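> Have a look at this one before I ask anything.
The values are calculated or read from the model by the stated rules, or taken from the named source; none is laboratory data. Quick caveat: nothing in here was measured; it's all calculated off a predicted structure. Here the Cβ positions follow ideal geometry from the backbone for every residue, glycine too, while neighbour counts run over all protein chains shown. Just the protein is used for accessible areas: all its heavy atoms, side chains included, with ligands, DNA and RNA removed. Shrake-Rupley method; radii C 1.70, N 1.55, O 1.52, S 1.80 Å.
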Amino acid sequence: MPSSTPTTPIEDSVPKIDEKIAVGENLEFQRTWWKFERVVWTLFLLILIADVLGVFGRGWLSKGRVSDAAQTLTVDYEHVARASTPSIMTLHFGPNAIHNGHVQLYVSDSIVKPLGAQRISPQPAVSSVGRDGITYTFDATELPASVQIALEPSFPGRHPFKLQVVGGTPVQSSIIVVP
Amino acid sequence: MPTIIHAVAGYFILLFIVRVLKRRAGSQMTLFEFVIVFLIGGVIILSTVGNDRSVTNCTCAVIAVGLIHRSLAWVKAKSPTLGAILDGTPLVIIRAGEWQPEIVKGMKLRREDIEAAARSAGVTRIEDIDYAILERNGRISVLPKDS
């Protein structure tokens, strides 16, 4: 018994040019697309300029400095950092920071967790936890003295932090982490 | 989870960049265009897998990309507009033996590209081309004049 498979006659589904060839050209769309491309490439150029300047971190505009009124603690950091990318926070201690050959530095938990502190250099003599953070004690002789914290934020967002030389006023700011 | 998000983002970024590049990036690749494709692909891979280079992670990334690709292919088949956005439309470069300067300039085509396509079609002289069409995949179809 012959099968009765339904069939569909073939026909052009796209517009023909010169009534000859079915191409399906859409010149109006293409003209719009060229305009769109020009806008996109201008935008790409602006993104690259912004990146070179450091708008997205690791450049001139991303460098930040914050200190307390008495200059006991000055922090150099990148206020725009990139997720999963190392950055360095440098803490400079002022004249009133050293007491009895030690500097005691309070670091908020946000430095350790969302901002991903990888290591602190030099290594503190003593670490103690409490007050939503860690207090490090460094042996110190005389100025200038500084400590570096290597950060590697794990996820994007705005992450506030707080640092304080014990006995001084807190230094607070935030780091914007971009993906 | 981050790998899947990165893979999805990487797929769309790559798709977008390649789409706003001129169409020859996808076909008739010269060494010049190989550099672009390999470099862009290599950079996206770094962000996609991150520090986790396990088989599990890479497999999940590949599955995610495959799934998006399949979904987009399905949507493209349903929507001609999205098809045009993603793949472009065919463009007539030579029409009834006449150059279409708007297309040649807009697509940054070179005469040599059309000549190469003509040779592939067995046409030895560019004057013998009746129609030349830049296809969506970047190939140039050449139809010779009736002899």
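> What does the extension gain come out to for residue B:124 and residue B:17, with contour length at 0.36 nm per residue minus their alpha carbon separation?
Going from the current span to full extension adds 35.0 nm.
> Which pairs, out of A:20/B:78; A:16/B:145; B:76/B:105; A:20/B:145; B:108/B:145, put more than 22 Å between their alpha-carbon atoms?
A:20/B:78; B:76/B:105; B:108/B:145
> What angle do you read, to the nearest 10 degrees and between 0 and 90, between the alpha-carbon axis of helix A:27-53 and the longest principal axis of chain A?
10
> Something else about it: Which whole-number percent is the relative contact order of chain A (Cα, under 8 Å, 6+ apart)?
21 percent.
> What are the lysines whose alpha-carbon lies under 19 Å from the alpha-carbon of residue A:162, with same-chain residues fewer than 8 places away excluded?
A:63, A:113
> Next up: Roughly how many Å is it from the Cα centre of region A:95-160 to that of region B:46-62, as a whole number?
Centre-to-centre (Cα) distance: 33 Å.
> Express in % the proportion of alpha carbon pairs of chain A at distances exceeding 31 Å.
Tail of P(r) above 31 Å: 43 percent of Cα pairs.
> So between residue A:118 and residue A:19, what do we pick up on full extension, going 0.36 nm a residue minus the alpha carbon distance?
Extra length available between residue A:118 and residue A:19 comes to 28.7 nm.
> Restricting things to alpha carbons, find the Rg to Rh ratio for the protein assembly as shown using the Kirkwood radius for Rh.
Radius of gyration over Kirkwood radius for the protein assembly as shown works out to 1.21.
> Calculate the all-directions average of the projected area of region A:59-126's alpha-carbon convex hull, and give it in nm².
Hull-based average projected area comes out at 5.5 nm².
> Can you tell me the FRET efficiency between residue A:49 and residue A:84 if r is taken as the Cβ-Cβ distance and R0 is 22 Å, rounded to the nearest 0.05?
0.35
> What does the structure give for A:24-32 when I average, per residue, the other chain Cβ atoms found within 10 Å of the residue Cβ?
What the average comes to for A:24-32 is 5.
> Counting only helical runs of four or more DSSP H residues, what would the 222 nm mean residue ellipticity of the protein assembly as shown come to if each run contributes -39,500 (n - 2.57) and the total is spread over all its residues?
Computed ellipticity for the protein assembly as shown at 222 nm equals -11500 deg cm²/dmol.
> Something else now. Would you mind calculating the gained length between residue A:29 and residue A:148 on full extension (0.36 nm times residue separation, minus the Cα-Cα distance), in nm to one decimal?
Difference between extended and current length: 37.3 nm.
> If you roll a 1.4 Å probe over chain A with all protein chains in place, what percent of the accessible area is carbon or sulfur?
Here carbon and sulfur together make up 58 percent of the probe-accessible area.
> In whole angstrom, how far apart do the alpha carbon centroids of region A:1-60 and region B:94-113 sit?
Region A:1-60 and region B:94-113 have Cα centres spaced 18 Å from each other.
> Using Stokes-Einstein with the Kirkwood hydrodynamic radius over Cα pairs, what translational diffusion coefficient do you get for region B:14-96 at 20 °C and a viscosity of 1.002 mPa s, in µm²/s rounded to a whole number?
Reported coefficient: 141 µm²/s.
> Translational D (Stokes-Einstein, µm²/s) of region A:37-92 at 25 °C and 0.890 mPa s when Rh comes from the Kirkwood sum over C-alpha pairs?
190
> Write down the radius of gyration of region A:7-106 and its Dmax, each obtained from C-alpha positions, in Å.
Answer for region A:7-106, Rg first and Dmax second: 29.9, 96 Å.
> In square nanometres, what is the average projected area of the Cα convex hull of region A:1-66?
Taking a quarter of the hull surface, the average projection is 11.6 nm².
> Return the FRET efficiency for the residue pair residue B:108, residue A:137: r is the Cβ-Cβ distance, R0 is 45 Å, and the value is rounded to the nearest 0.05.
The calculated FRET efficiency here is 0.10.
> Let me ask something else. Mind checking Rg over Rh on chain B, alpha carbons, Kirkwood formula for Rh?
Expressed as Rg/Rh, it is 1.09.
> Give me the aspartates and glutamates in straight-line cross-link reach of residue A:35: C-alpha distance below 15 Å, same-chain residues under 8 apart excluded.
List returned: B:102.
> Could you size up the charge dipole of region A:10-153 around its Cα centre, putting +1 on the beta carbon of Lys and Arg and -1 on that of Asp and Glu, and report it in debye to the nearest 20?
So the dipole magnitude of region A:10-153 works out to roughly 340 debye.
> To continue, here is another question. Across the residues of B:103-111, average count of Cβ atoms on other protein chains within 10 Å?
Partner-chain Cβ atoms within 10 Å, mean over residues of B:103-111: 1.
> If you don't mind, there's one more thing I want to ask. Within region A:83-100, find all residues whose amide N lies under 12 Å from a label point positioned 7 Å from the Cα of residue A:178 along Cα-to-beta-carbon.
Under 12 Å, as judged by backbone N against the label point of residue A:178, lie A:83 of region A:83-100.
> Let me know the Kirkwood hydrodynamic radius for region A:82-179, please, with Cα pairs as the basis and the value in Å to one decimal.
13.8
> While we're on this one: How about region A:2-57: which trypsin sites (Lys or Arg not before Pro) there lie in a loop by DSSP and see at most 13 other Cβ atoms within 10 Å?
Qualifying residues, ordered by number: A:20.
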